[in-house]
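Shown next, in structure tokens, is the structure this report addresses.
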Amino acid sequence: MNGKPFLDTNILIYAFASNDPRSARAEMLVSAGGAISVQVMNEFVDVCRRKIRLDWRRIESALHIITDLLDPPLSLTAELHRNAVTIARTHGFSFYDSLIVSAAASAGCDALLTEDMQHGQNIGPVTIHNPFR
């Protein structure tokens, strides 16, 4: 990997999860810096409340850490949306995964760190890496 990576939601979730074997690696990845999108932040909050059942104080504290360590979140734009539609149609990804790939490319990241997509797959300038392999 060259340059800064784009971190998918699962990286952030594991960084703040309790008793997960992936947490130490995820914490290291977040601490090293990178890019995220507003979509990633939205998904993070949703999973923290719905699945992990964190209280709002802990979620807000985690968001503060995330925004301190990572680049400012990339906003959803019409261009990002159009590119995601093309990625979904061309590669067969879900639309929301395609938005993540589109955001990674738009942020200038050559690596997308996630465990939700095929490790080693290239989509334009972005290569998917599963950091937990």
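Data table
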{"item": "Size of charge dipole - the stretch 5-129 - debye, nearest 20, with Cβ of Lys, Arg +1 and Asp, Glu -1, no other charges", "result": "300 debye"}
{"item": "Potential lengthening between Gln121 and Arg25 on full extension [0.36 nm per residue; Cα-Cα distance subtracted]", "result": "32.4 nm"}
{"item": "Ascending count of other beta-carbon atoms within 10 Å, so fewest first, for Ile65, Ile11", "result": "Ile65, Ile11"}
{"item": "Projected label distance in nm at Asp46 and Ser75, using a 7 Å step from Cα toward the beta-carbon", "result": "2.1 nm"}
{"item": "FRET efficiency, 1/(1 + (r/R0)^6) with R0 25 Å, evaluated for Arg57 and Asn130 via beta carbons", "result": "0.20"}
{"item": "Most fluctuating residue given options Asn83, Asn19, Asn42, as computed from a GNM of the chain linking Cα atoms under 10 Å", "result": "Asn19"}
{"item": "Ranked list, fewest to most other Cβ atoms within 10 Å of each Cβ, for Leu69, Leu7, Leu113", "result": "Leu69, Leu113, Leu7"}
{"item": "For the chain, built as a Gaussian network whose Cα springs stay under 10 Å, the top-fluctuating residue of Leu12, Leu74, Leu54", "result": "Leu54"}
{"item": "Trypsin sites (Lys or Arg not before Pro) restricted to the stretch 1-107 and DSSP loop, no more than 13 other C-beta within 10 Å", "result": "Lys51, Arg53"}
{"item": "Cα centroid of the stretch 60-133 to Cα centroid of the stretch 1-45, whole Å", "result": "12 Å"}
{"item": "Label assignment, semi-axes √(5λ) of the Cα gyration tensor in Å derived from the structure, set (i) 27, 18, 12; (ii) 23, 16, 14; (iii) 32, 16, 10", "result": "(ii)"}
{"item": "Charge context of Val85, other residues only, Cβ under 14 angstrom, K/R +1, D/E -1", "result": "0"}
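None of the figures in this text is laboratory data; all of them are computed from the coordinates on show. This structure is a prediction, so every number in the text was calculated from the model and none was measured. Neighbour counts run over all protein chains shown; Cβ positions are idealised from the backbone, glycine included.
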